[in-house]
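This structure is in structure tokens; I'll ask about it shortly.
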Amino acid sequence: MLPLIEVTNLHKTFGKDIHAVRGVDIEIAPGEVVVIVGPSGSGKSTVLRCLNMLEIPTEGAIRIDGEYVTAPDANLDRMRAETGMVFQQFNLFPHLTVLDNITLAQRKVRKRSKEEAEVEAMRQLTRVGIPEKAGSYPRQLSGGQQQRVAIARSLAMGPKVMLFDEPTSALDPEMVKEVLDVMLELAKAGMTMVVVTHEMGFARAAADRVVFIDEGVFVEMGTPDQIFDHPREARTKAFFDKILQH
């Protein structure tokens, strides 16, 4: 089976002084869940943003579903429609209802009719557990509910891969579980996912592979058991010794 995502020798620099990502390589299979962990400032969110070309790589190649998104003539709009992205902030339009937030991109990008888009929106709202909120506005929802709407909005586009950039870090602790539960269900359903998170319990439960990144380098990758319980690299062990004590 061909990988859905191939990253080769990925570098990203900012100005002269910051080399955020240093020669990263990874292949991700269809249906695989890869969780990227590491200290703050290690480059994990930059890797994710490069996958969606929100950050343009300084060097290297990224291929998604057989197409080089780093090619000069790549159709980035089409590519982004195939890669759903969920951020720390929910980025919902405050003046639109939940239903309208979810149907907007479907109608503009996927060219679906209003009826088609609404059927798909309701299907995804049901999937994330809040179909009754379709007529609400974002300000009427909790943070956890807003993040679930953001996930439903991405899913409604029918993406081939979902990218999550610390999706629970802006949430109150009691709301974290409801979002992680939705992500766990997506993983079980076979969605290809790349997740940057500090939630080690989720990484252990959902990941096929965990990648530890430090100073822009993929230091180590392996199964959750191997990475958490039997890390080979001293930097990995030091990181987990520090965070798993808390």
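Within segment 160-176, is there a residue that is free of Cβ contacts under 8 Å to residues at least 60 places away in the same chain, touching a helix residue (DSSP H, G or I) at 6+ places or on another chain (Cβ under 7 Å), within 16 Å of Val195 (Cβ to Cβ) and surrounded by 19 or more Cβ atoms within 10 Å (Cβ to Cβ)? Give the derivation first.
Here is the first cut: in segment 160-176, the ones free of Cβ contacts under 8 Å to residues at least 60 places away in the same chain are 168, 171-176.
With touching a helix residue (DSSP H, G or I) at 6+ places or on another chain (Cβ under 7 Å) added as a condition, the list becomes 168, 171-172, 175.
Among the residues that remain, those that are also within 16 Å of Val195 (Cβ to Cβ) are: 168, 171.
Now narrow it down to the ones that are surrounded by 19 or more Cβ atoms within 10 Å (Cβ to Cβ): 168, 171.
The answer is yes, given that some residue of segment 160-176 is free of Cβ contacts under 8 Å to residues at least 60 places away in the same chain, touching a helix residue (DSSP H, G or I) at 6+ places or on another chain (Cβ under 7 Å), within 16 Å of Val195 (Cβ to Cβ) and surrounded by 19 or more Cβ atoms within 10 Å (Cβ to Cβ).
Do we find that Phe240 is under 24 Å from Glu27 (Cβ atoms) and either touching a strand residue (DSSP E or B) at 6+ places or on another chain (Cβ under 9 Å) or at pLDDT 95 or above (or both) in this structure?
Values: under 24 Å from Glu27 (Cβ atoms): no; either touching a strand residue (DSSP E or B) at 6+ places or on another chain (Cβ under 9 Å) or at pLDDT 95 or above (or both): yes.
No.
Next question. Right, Asp172: under 19 Å from Val35 (Cα atoms) and among the charged types (D, E, K, R) or not? I'd like the intermediate steps shown before the answer.
Numbers: under 19 Å from Val35 (Cα atoms): no; among the charged types (D, E, K, R): yes.
Criteria not met by Asp172.
Also: Any residue at all in segment 120-129 that is modelled with pLDDT of 95 or more, in a helix (DSSP H, G or I), acidic (Asp, Glu) and in contact with a helix residue (DSSP H, G or I) (Cβ under 7 Å, 6 or more places away or on another chain)?
Checking segment 120-129: at least one residue is modelled with pLDDT of 95 or more, in a helix (DSSP H, G or I), acidic (Asp, Glu) and in contact with a helix residue (DSSP H, G or I) (Cβ under 7 Å, 6 or more places away or on another chain).
Within segment 50-82, count every residue that is out of contact with any helix residue (DSSP H, G or I) (no Cβ under 7 Å at 6 or more places or on another chain) and β-branched (Val, Ile, Thr).
Residues flagged as out of contact with any helix residue (DSSP H, G or I) (no Cβ under 7 Å at 6 or more places or on another chain) and β-branched (Val, Ile, Thr) within segment 50-82 amount to 3.
Another question about this same structure. Looking only at segment 201-214, which residues are modelled with pLDDT under 95 and out of contact with any helix residue (DSSP H, G or I) (no Cβ under 7 Å at 6 or more places or on another chain)?
Gly201
Let me ask something else. Residues in segment 33-88 that are in a helix (DSSP H, G or I) and in contact with a strand residue (DSSP E or B) (Cβ under 8 Å, 6 or more places away or on another chain): how many? Show your work before the answer.
To start, the set of residues in segment 33-88 that are in a helix (DSSP H, G or I) comprises 44-51, 76-82.
Filter once more, so that each one left must be in contact with a strand residue (DSSP E or B) (Cβ under 8 Å, 6 or more places away or on another chain): 44-51, 79, 82.
Within segment 33-88, residues that are in a helix (DSSP H, G or I) and in contact with a strand residue (DSSP E or B) (Cβ under 8 Å, 6 or more places away or on another chain) number 10.
Still on this model: Out of curiosity, is Leu125 in contact (Cβ under 8 Å) with a residue 12 or more places away in the chain and open to solvent by 20 Å² or more (accessible area, probe 1.4 Å)? Walk me through it before giving the result.
On the way: in contact (Cβ under 8 Å) with a residue 12 or more places away in the chain: yes; open to solvent by 20 Å² or more (accessible area, probe 1.4 Å): no.
Answer is no for this residue.
The values are calculated or read from the model by the stated rules, or taken from the named source; none is laboratory data. None of these values were measured; they are calculated from a predicted model. We place every Cβ from the backbone using ideal geometry, glycine too, and count neighbours over all the protein chains shown. Please note that ligands, DNA and RNA were not included when accessible areas were found on the heavy atoms of the full protein model with its side chains. Shrake-Rupley method; radii C 1.70, N 1.55, O 1.52, S 1.80 Å.
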